[in-house]
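In what follows, a structure is listed as structure tokens, so that the remarks can point back to it.
The values are calculated or read from the model by the stated rules, or taken from the named source; none is laboratory data. Given the structure is predicted, the values throughout are model-derived calculations rather than measurements. Cβ placement follows ideal geometry from the backbone for every residue including glycine, while neighbour counts extend to all protein chains displayed. Ligands, DNA and RNA are excluded from the accessible area calculation, which covers all protein heavy atoms including side chains. Shrake-Rupley method; radii C 1.70, N 1.55, O 1.52, S 1.80 Å.
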Amino acid sequence: MNRPITFGIIGSGWRAEMYLKLAELLPQQFQVSGALIRNPAKYGQLIAKHMLTVYRSVEQLAAESDFVVLAVSKSAAASLLMELAAVNIPVLAETPTASTPAEYELLRSLALSSPRIQVAEQYPLLPHHQARTAYIRTGELGQVGHVQVSVAHGYHGISLIRKWLSVTGTACEITARRVELPIMDFSYRGRAAEETLKTEQQDIAIMVFPSGQSAVLDFTRSQYFSPLRSNRVLIRGSHGEIRDNAIIRRIGPEETEYLDIIRVQSGQEGSLDSLGLCELRAGQRRLFRNPFAAAPLSDEEIGIGQALLHMADYVNTGVSSYALADALTDVRLAFAVDEAIASGSTVTVGEELEAEE
């Protein structure tokens, strides 16, 4: 790399801080040109902490950047995306791109005009999910016909489903239910846990696509913060399956292979390096190599850093990784899951994003 990727930030919340942290930990790869903050006086501590240059207009910020990262509240994102598209500025937008059906319709028209907008959907970019995707692409599972995803809510989980099934478009039939179950309270983002039994909601959706492929989206939000709720993944192909980090596949009429996806970490036992992820392997095959192994990052931070690398590739080559239209497809299907839960009936979604092309 000849020089660091230079990006500007629009926003000042906790998500924007994650991008600032990446630039500080990986200065050889990322550099922040500055930020556009509506109320600089309110965020003086943030500006001082990261020594940010504050710009008054997005045009000024973009002039000093390879692209800008839009990391604002859900309620502000859609209108700002429209403004940025109008001046043709390359944007990496945080999720969700649309938080209401009305915003979806607004951005749907924009997506059809092919704006220079990519979306930082980090879940398919988390290391273990990248490793699962890489194994699917070897072809050793055969034809993947069904996945079960219990790792993230709504559009995040759906992005994984479509990735692993190689499904494009919004066409789908969805049946869904919401159930309630008890769980002990647990601390979250600084809030102390209470010694009480709480009630949580679990959403379960069955999705069937025109190809005949199917998926189960199963999630309760306690999975984001409580050690009492673990994540689960099942990817079924004609020749085998991935269950979490276990791989089973047929290698002959009477022979089956069993592999595990393992993490290779630095900074353990006698290693003097910082604690960090080096790679993920299954047997002799490397499925994921961490491009940020020099820094002690969480898997979430690795995914966000990967989104920045993909955005830089898009700016330089025009090759899209996860465009606005992709994000809106996942959002539209998430709305359909909510509709199926509310109605108690099967919801059928057509090819909405392709209808006006």
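One table, with the values for the structure above:
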| item | result |
| --- | --- |
| Qualifying residue in the stretch 258-274 (condition: of a type in the set (A, V, I, L, M, F, W, C), under 16 Å from the mean Cα position of the chain (by Cα) and not in a strand (DSSP E or B)) | no |
| Pairs where the first residue, in the stretch 181-193, is β-branched (Val, Ile, Thr) and the second is part of a loop (DSSP other than H, G, I, E, B), C-beta under 9 Å, 6+ apart | Ile183/Ser226; Ile183/Leu228; Ile183/Arg229 |
| Positions within the stretch 18-59 being in contact with a Ser or Thr (Cβ under 6 Å, 6 or more places away or on another chain), of a type in the set (A, V, I, L, M) and open to solvent by 30 Å² or more (accessible area, probe 1.4 Å), in sequence order | none |
| Residues of the stretch 326-354 that turn out to be open to solvent by less than 40 Å² (accessible area, probe 1.4 Å), of a type in the set (A, V, I, L, M, F, W, C) and touching a helix residue (DSSP H, G or I) at 6+ places or on another chain (Cβ under 9 Å), as a count | 9 |
| Count of residues meeting criterion [free of Cβ contacts under 8 Å to residues at least 60 places away in the same chain, of a type outside the set (Val, Ile, Thr) and not in a loop (DSSP other than H, G, I, E, B)] in the stretch 298-337 | 2 |
| Helices (runs of 4 or more DSSP H) within the stretch 1-116 that include 2 or more residues under 27 Å from Leu333 (Cβ atoms) | 14-25, 74-86, 101-112 |
| Conditions (1) open to solvent by less than 90 Å² (accessible area, probe 1.4 Å); (2) on the phi < 0 side of the Ramachandran plot; (3) modelled with pLDDT of 95 or more; (4) not charged (D, E, K, R); number of the one not met by Tyr258 | (1) |
| Selection within the stretch 174-197 - in a strand (DSSP E or B), touching a helix residue (DSSP H, G or I) at 6+ places or on another chain (Cβ under 9 Å) and either open to solvent by 80 Å² or more (accessible area, probe 1.4 Å) or at pLDDT below 95 (or both) | Arg177, Arg178, Ile183, Tyr188 |
| In the stretch 154-173, the residues that are part of a loop (DSSP other than H, G, I, E, B), open to solvent by less than 40 Å² (accessible area, probe 1.4 Å) and at pLDDT 95 or above | Val167, Ala171 |
| Matching residues in the stretch 129-172 - criterion: being of a type in the set (A, V, I, L, M) and over 19 Å from the mean Cα position of the chain (by Cα) | Leu141, Val144, Ala171 |
| Test for Leu287: is it open to solvent by less than 10 Å² (accessible area, probe 1.4 Å) and in contact with a helix residue (DSSP H, G or I) (Cβ under 7 Å, 6 or more places away or on another chain) | no |
